[in-house]
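Engineer: Below are the structure tokens for one structure; questions will follow.
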Amino acid sequence: MPTLEDAKRKVEELVVAKGFGNTPDEIANKLLFAFIELGEAGDSWKKGKPTEETVEELIDVIFYVLDASRLIAPGANLDEVFEKKWAKNMGRAYRYGEGFRQKQLSG
Ligand SMILES: [Mg+2]
């Protein structure tokens, strides 16, 4: 099963092969593109497009997130960071943060 680190290396391979920006000055753009792809996923879902299409947009989000992460923190092991953050969140209260988010939405 591929790991986040495997996926990150594949994204780097794609970026190099296709001549996309591969330097830290591209980080802001890559984060912006992740938001744009997230918007495309939301739009696809809201319009009732085929699930495969919506999921593909979500994968685009992941591509950009992984791409930005490798430029922001080249030495970070995303599998370790994921496990650590997962454990941290699992240690939190039931429905943690939800009240705060509801307040923001109704705000
Ligand atoms: Mg897309």
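Engineer: Which residue pairs have Cβ atoms closer than 8 Å, lie 6 or more positions apart in sequence or on different chains, and pair a first residue in segment 25-51 that is in contact (Cβ under 8 Å) with a residue 40 or more places away in the chain with a second residue that is away from the ligand (no atom under 13 Å from the Cβ) and outside any helix (DSSP H, G or I)?
Structural biologist: From segment 25-51, the pairs are GLU26/PHE20; LYS30/GLY21.
Engineer: While we're on this one: From (1) surrounded by 13 or more Cβ atoms within 10 Å (Cβ to Cβ); (2) without any contact (Cβ under 8 Å) to a residue 24 or more places away in the chain, pick out the condition that doesn't hold for GLU98.
Structural biologist: Failed condition: (1).
Every residue, every condition in (1) in contact with a helix residue (DSSP H, G or I) (Cβ under 9 Å, 6 or more places away or on another chain); (2) modelled with pLDDT under 95; (3) among the aliphatic types (A, V, I, L, M); (4) within 24 Å of LYS85 (Cα to Cα), yes or no:
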residue	(1), (2), (3), (4)
THR23	yes, no, no, no
LEU38	yes, no, yes, yes
ALA41	yes, no, yes, no
GLU52	no, no, no, no
GLU56	yes, no, no, no
TYR64	yes, no, no, yes
ASP67	yes, no, no, yes
ARG70	yes, no, no, yes
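The values are calculated or read from the model by the stated rules, or taken from the named source; none is laboratory data. All of these numbers come straight from a predicted model, not from anything done at the bench. We place every Cβ from the backbone using ideal geometry, glycine too, and count neighbours over all the protein chains shown.
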